[in-house]
Amino acid sequence: MSYPPSERLLREQFGPGGTPLLSQAPGRINLIGEHTDYNGGYVLPFAIDRVTEIAVRPRADRRIRIYADAFHAGVELELPIEGIAPAGGWQDYPIGILAELSHYKDLEFGFDGAISGDVPQGAGLSSSAALEVAAAIAFSRLYGVNLSGLELVRLCQRVENEFVGTRCGIMDQYVSYFGRTGAAILLNTRTMEHRYVPLHLSGVSLLAVDSRVNRSLGASGYNARRQECEQALTLVRSAFPERKIASLSDLTIGDLDRISAVLSPSIFARVRHVVSENARVLAAVEALEQDDYRRLGELLFASHASLRDLFEVSTPELDFLVDWGREHGALGARLVGGGFGGVTLHLVPDEIKQGYIDGIVAAYRTRFRIDPEVIEVRPGPGAEELNRA
């Protein structure tokens, strides 16, 4: 009999048993709108056609065993979950989900679980959010905790913020859950309202190039950038006492001259990025609605320049990939994710796609002695519970 990958892994690791609960959640890539989600701004991500899948099967005792194929490792613990501390690895995500669910309901029995999938780890495609969302769907179903989609997304964000220790915004978990095939999501992270924007990709492709410069968000400058934005918000409010400024995204380009006097050059640069990036997101939506990929590409290049020069989250490897793309026919390219490594996204005409892939791999290998991975990304469906036929 043929089993889904996670169920097959479950049987290999823990032996045969009853039919497990299965769920899956996709990674994501953000077309444009970087470091705006925790500043109350707009983002334009889409769920990709790569997923994390989890299978869980209840036990008669209070032991929990989880195995993750991507890490060739497992974790075991005994209920109750209260008081458990993060260990600093992949296991913090599913354990953090359990800790959050224990606030809703007593977890009275254990389970065996297996995690598989093809979302690259540490590459900026949000493997952590995919794992959180897939685990939250499976575990909440297993323990009979009823959550709305937004409640589940917020639970996953709390795990990342409070248990794992990464002060991320809500975008990654949101798009992993609410993604739709053939569309990006324009999300207003302040109001939590979204609409789907068709992503036709007529005659063009989106390529994610993994620099293989791995970064851990919790150990990177990501949290430092967020702290700088919070500091900026406090100072900006003092500059605009007559306005109720809830977030940096309440500012416009026209406000920048006035606030420059109250901010240090580096903090002002962070604000300039957030304000200009918000404007680029809305311009990108207009470009997509008109199938204007040349304009979209210009916005991607501008976003990268802002992330490099104003927000300072790029690396020599990421800059090389974007610059190579500009010189070899890409309509646009930029770093995606938190920065400090990971992936660049390239908008490429279909007629040059294969030569472009071969060329960028060879050039990067020559320059850095690293083989990058090139992944064509397409907008896929959001998270779901799976039923085995």
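Computed from the coordinates by the stated procedures, all read-outs in this text should not be read as laboratory data. Since the structure is predicted, the reported quantities are computational estimates derived from the model, not experimental observations. No Cβ is skipped: glycine too gets one built from the backbone with ideal geometry, and neighbour counts run over all protein chains shown.
Here are a few things to note about the model shown:
- Candidates HIS328, HIS200, HIS103: whichever shows maximal mean-square fluctuation once the chain is modelled as a Gaussian network with Cα springs under 10 Å: HIS103
- Extension gain for GLN121 to THR181 (0.36 nm times residue separation, less C-alpha to C-alpha distance): 19.3 nm.
- ASP291-HIS328 FRET efficiency (beta carbon distance; Förster radius 35 Å; 0.05 resolution): 0.95
- Least to most buried among ILE352, ILE360 (fewest other Cβ within 10 Å first): ILE352, ILE360
- Using the Cβ-Cβ distance between THR234 and SER2 with R0 = 51 Å, the FRET efficiency computed as 1/(1 + (r/R0)^6) comes to roughly 0.35.
- Tilt relative to the chain, helix 353-368 - C-alpha long axis, 0 to 90 degrees, to 10: 90
- Take each peptide in 370-378, 94-102, count the other Cβ atoms within 10 Å of every residue, and average; sorted highest first, the result is 94-102, 370-378.
- In a fully extended conformation the segment linking ALA279 and GLU351 would gain 22.9 nm over its present Cα-Cα distance, using 0.36 nm per residue.
- When the chain is treated as a Gaussian network with alpha carbon springs shorter than 10 Å, the biggest mean-square fluctuation among HIS72, HIS35, HIS273 belongs to HIS72.
- From its DSSP helices (H runs of at least four residues, each -39,500 (n - 2.57)), the chain gives a residue-normalised ellipticity at 222 nm of -12000 deg cm²/dmol.
- For the pair ALA246 and GLU151, the difference between a 0.36 nm per residue extended length and the Cα-Cα distance amounts to 32.0 nm.
- Alpha-carbon centroids, segment 83-128 and segment 326-364: separation in whole Å: 33
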